[in-house]
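The next block holds one structure in the form of structure tokens; read it before the comments.
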């Protein structure tokens, strides 16, 4: 039982680390500010989430797990707010996003 | 009144779970701190249906598993784009009208869009969201989406 939990927890930690690395790679490869933010959002959703899950599996039913859940909830509310604030500030200051050619799919 | 009581209970539980000590002095100090924060929040008039939406809790907890599934799916797609040597992105800005009525519902919808990799809410107003999408498909996907319908159901506006 504990061996299976350990393996599952290692899997989560390694997968979380891999997604963080992919996010970092995307941050370097993407062409402009807004597309880079998309790459960063992989790091702080799946990357951080899987790592927290792996650590929860290691901690078991303890107060440590409760604190990890609180960190997860904080990320769930704080990271989209920060991303939104950053994108809105950039657009308000006149930073034009790089857009692909083609018709606008908007539906106002 | 219900919201104030709930806020007090949540704050006190937060204190106890973070401290992990059960000595009378610390339990008393926690109760005192929670009470002071509740009184301050009431004085600031931020404890209402919008500021502490207890009517949404059950529905939101049912909404989260679906949101996590969406986040995992989109993260997988964006990861594949990043690892693709051709980097097949087609960034778009999309405007559309969300179907939520309350501030807390709009905030939930905007945050959900930003949380899913590949889409970022740039502007969120009552009758219009401006969303930046990493690809044309992900940008067009937020218009009248299933997420929109689900958040409106969670909101349960009256």
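The values are calculated or read from the model by the stated rules, or taken from the named source; none is laboratory data. What you see is a predicted model, and the numbers here were worked out from it, not measured in a lab. Virtual Cβ from ideal backbone geometry, glycine too; neighbours counted across all protein chains shown.
To keep it simple, each residue is scored yes or no on (1) more than 7 Å from chain B (Cβ to nearest Cβ); (2) over 30 Å from residue B:18 (Cβ atoms); (3) at pLDDT below 95.
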| position | (1), (2), (3) |
| --- | --- |
| A:42 | no, no, yes |
| A:60 | yes, no, yes |
| A:64 | yes, no, yes |
| A:102 | no, yes, yes |
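For residue A:22, the criteria (1) under 23 Å from residue B:70 (Cβ atoms); (2) touching a strand residue (DSSP E or B) at 6+ places or on another chain (Cβ under 6 Å) hold in every case but one, which is (2).
A quick yes/no check of all residues on (1) farther than 21 Å from residue B:149 by Cβ; (2) loosely packed, with under 12 Cβ neighbours inside 10 Å:
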| site | (1), (2) |
| --- | --- |
| B:27 | yes, no |
| B:36 | yes, yes |
| B:51 | yes, no |
| B:59 | no, no |
| B:70 | no, no |
| B:85 | yes, yes |
| B:88 | yes, yes |
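The condition (being closer than 24 Å to residue A:69 by Cα and either away from chain A (no Cβ under 12 Å) or modelled with pLDDT of 90 or more (or both)) is satisfied by just one residue among B:143, B:71, B:120, B:82: B:71.
Looking across the stretch A:67-98 at every residue that is facing another protein chain (nearest Cβ under 8 Å), surrounded by 15 or more Cβ atoms within 10 Å (Cβ to Cβ) and under 28 Å from residue B:87 (Cβ atoms), the one that is modelled with the lowest pLDDT is identified as A:97.
Cβ-Cβ distances below 6 Å connect the following pairs, each with a first residue in the stretch B:103-114 that is without any contact (Cβ under 8 Å) to a residue 24 or more places away in the chain, a second residue that is buried (at least 23 other Cβ atoms within 10 Å of the Cβ) and outside any helix (DSSP H, G or I), and a separation of six or more residues or different chains: B:110/B:121; B:114/B:120; B:114/B:121. In the set (1) in a loop (DSSP other than H, G, I, E, B); (2) surrounded by 12 or more Cβ atoms within 10 Å (Cβ to Cβ); (3) more than 8 Å from chain A (Cβ to nearest Cβ), the condition left unmet by residue B:55 is number (1). Among the residues making up the stretch A:55-66, none is within 20 Å of the chain's Cα centre (by Cα) and surrounded by fewer than 13 Cβ atoms within 10 Å (Cβ to Cβ). Highlighted here are the helices (runs of 4 or more DSSP H) found entirely within the stretch A:1-86 that include at least 2 residues which are over 23 Å from residue B:94 (Cβ atoms) and free of Cβ contacts under 8 Å to residues at least 40 places away in the same chain: A:2-29, A:48-59. I'd like to check something: does the stretch B:97-107 contain any residue that is touching a helix residue (DSSP H, G or I) at 6+ places or on another chain (Cβ under 6 Å), more than 30 Å from residue A:69 (Cα to Cα) and surrounded by fewer than 23 Cβ atoms within 10 Å (Cβ to Cβ)? Yes.
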